[in-house]
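A short write-up of the structure that comes next.
The values are calculated or read from the model by the stated rules, or taken from the named source; none is laboratory data. What you see is a predicted model; the values in this text were computed from it and never measured. Using ideal geometry, Cβ is built from the backbone for each residue, glycine included, and neighbour counts are taken over all protein chains shown. Note: areas computed on protein heavy atoms with side chains; ligands, DNA, RNA excluded. Shrake-Rupley method; radii C 1.70, N 1.55, O 1.52, S 1.80 Å.
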Amino acid sequence: MSAQIPYPWRAHIFANLNYGYAQHQFEYFRIAIAAFSIFNFCLFLVDFDVLLAANGMINWEVTRANAFWFEPHLYKLGTGATANILLYGAIFCYIASLISLGLGFRTRLMAMLAFGCFLLFSVHLNPYLYGVDLYQSVFLFFLCIFPSGHSLALPRRQHSAALLGHQQIALRTVQIYLMITYFSAGFGKVQMPSWLNGEFLFLSLSDPTYQFVKLPTDLHYLWYVLSGCLVVCIELLYPLLIFIPYVRIFLLLSIIGMHAVIAIFMGLVPFGTLLILVNVVIWYPLLLQDYRGIRRAINLTFKS
Amino acid sequence: MTVVYKTFTILFLALQLLVVLKAVPSQVNFRSYFAEIATSVLCSITKVNHLYNFFTDPDKTGSYSYTSNELVLYQVEKDHVDQKVLTRDGSLKTMVTACNQARVSHLQSIATRDTALYNAVVRSQALYCISKYRTYPLLSVEVFHHRCEAIRKGNRFEKVEYTDTVYSNLFSIIAY
């Protein structure tokens, strides 16, 4: 009798690449990341004078001084009017490359251009960055490495078996990367008793500096205990539960709910949006499979 | 090409896993200065050296703390002092639109992590604020560190805070 081990670990991480893979899935991922990157950057443009301008709230001299010598910074290339021209040029280049990436025009080149511009802006905006920018950076980096523009691209190209294999490897990389990050987050939390007795969640949700929409803090303490334990469990067990049919529907709904709460109550709107988007895009074939199974079971029950 | 992609994936994910499990030795003896620089470049680009538990404290003490600040502009009008408060709930939320509030909400926490950087950041903030509201020539900055505890009373949690002032300064622009 052989033990039932989740499929990726059975042989190696590239085993059974067809499992949970739908046609064009990595191309949907490319479109989602490009669209999200445009959305995220537009949020910076809304507060251009405060966040992006050379004499903004944290001016370029500060970010330049805080950067390593090898990190790109527009302040190194010019100041005053020249700096503004360079900034507008970089903004145009970033948005144009993201639109081209989303449309599937010369995807690898555009991904590299977008990633380069993103690195440039991440040096300029360093004090304002948080987790979402880290995820976005890694996803753009994946798009630089893996082929992502063939069947859903503006100049539509032949989709060969080899290319399909490469896109399946790419998707598997994103899936395992996400598993590692969730496991990492859960592993950090499970070492802290305050996460399991609800105190940490209560205190973090009542942190006034991050409060976006105020959550009533006079809830029953068990609500915080159960929510804290649920967050730790779904993050820590994400790499395991995602392979259990029907259980993964509840896992992903919980994950989406958790990110929605983070977005609504803590104001981390881009963070919540990106992780909901990525979770849906990389797991939707498995979710659809389970959904069809549940529907079939319900139909059978009613017929009998 | 398949081998290249698979190799990349294994290396990238293995590095991520090593960082997450804290299996990388804290002191790696690089043979040369350039090896160290190359590693820094690689880490900056790939972000493989980052942990993903953004929501937790790195020392795993389980305690919760946050940093708030209060920025107030002052002007003298006739015989009274007029003030304009730039912060709300201890952060500079009011300076940006709703979706960007989280981006500025943690700026003051630099004061507890990197004093040199915060000195530069707060001067830049002062320059920006005084330039924006030209009629207010004086800016007062105070940064507070809040250590929090949750105490259970009946079926409810109650928050107890211990607040320390970690930074305070006054800024003005002198035009010659």
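Quick look at the numbers
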read-out	value
By accessible area with a 1.4 Å probe, ligands and nucleic acids excluded, highest first: order of A:LEU230, B:LEU71	A:LEU230, B:LEU71
Residue among A:LEU277, A:LEU129, A:LEU140 with the largest mean-square fluctuation in a Gaussian network model of chain A, springs linking Cα atoms under 10 Å	A:LEU129
Span-like helix ranges in chain A, DSSP H, alpha carbon extent 24 angstrom or more, Kyte mean at least 1.0	A:25-46, A:81-103, A:107-124, A:247-266
Distance histogram in 10 Å bins (all Cα pairs of the protein assembly as shown, percent per bin)	4, 17, 27, 26, 17, 7, 2, 1, 0, 0
Rg/Rg_globular for the stretch A:71-189, with Rg_globular taken as 2.2 N^0.38 Å and Rg from C-alpha atoms	1.26
Per-bin percent of Cα-Cα distances, the stretch B:78-176 [10 Å]	12, 38, 31, 14, 5, 1, 0
Kyte-Doolittle mean at least 0.5, axial Cα span of 24 Å or more - DSSP H helices of chain B	B:2-20
Quarter of the Cα convex hull surface for the stretch A:141-221, i.e. its orientation-mean projected area (nm²)	9.2 nm²
Sum of -39500 (n - 2.57) over DSSP H runs of 4+, divided by residues of the protein assembly as shown (222 nm, nearest 500)	-18000 deg cm²/dmol
For chain B, built as a Gaussian network whose Cα springs stay under 10 Å, the top-fluctuating residue of B:VAL81, B:VAL166, B:VAL121	B:VAL81
Residue among B:CYS43, B:THR112, B:THR135 farthest towards the positive dipole end of chain B, charges placed on Cβ	B:CYS43
A versus B: buried accessible surface, summed, Å² (probe 1.4 Å, to nearest 100)	6800 Å²
Stokes-Einstein diffusion coefficient of chain B, Kirkwood radius over Cα pairs, 20 °C, 1.002 mPa s, in µm²/s	105 µm²/s
For the stretch A:33-120, the spread of Cα positions along each principal axis, largest first, Å	37, 28, 22
Pairs beyond 30 Å (Cα-Cα), from A:LYS76/B:LYS22; A:LYS189/B:LYS153; B:LYS6/B:LYS47; A:LYS214/B:LYS78	A:LYS76/B:LYS22; A:LYS214/B:LYS78
GNM result for chain B, Cα springs below 10 Å: residue of B:ASP79, B:ASP164, B:ASP89 fluctuating most strongly	B:ASP79
Chymotrypsin sites (Phe, Trp or Tyr not before Pro) restricted to DSSP loop in the stretch A:63-105 with at most 11 other C-beta within 10 Å	A:PHE68, A:TRP69, A:PHE70
Sparse-neighbourhood loop sites, trypsin sites (Lys or Arg not before Pro) in the stretch B:108-176 - DSSP loop, at most 14 other Cβ within 10 angstrom	B:ARG134
Heavy-atom accessible surface of chain A: percent carbon and sulfur, 1.4 Å	68 percent
The stretch A:118-207: chymotrypsin sites (Phe, Trp or Tyr not before Pro) falling in loop per DSSP and having at most 16 other Cβ within 10 Å	A:TYR130
Of every Cα-Cα pair in the stretch A:168-283, the percent that sits beyond 23 Å	31 percent
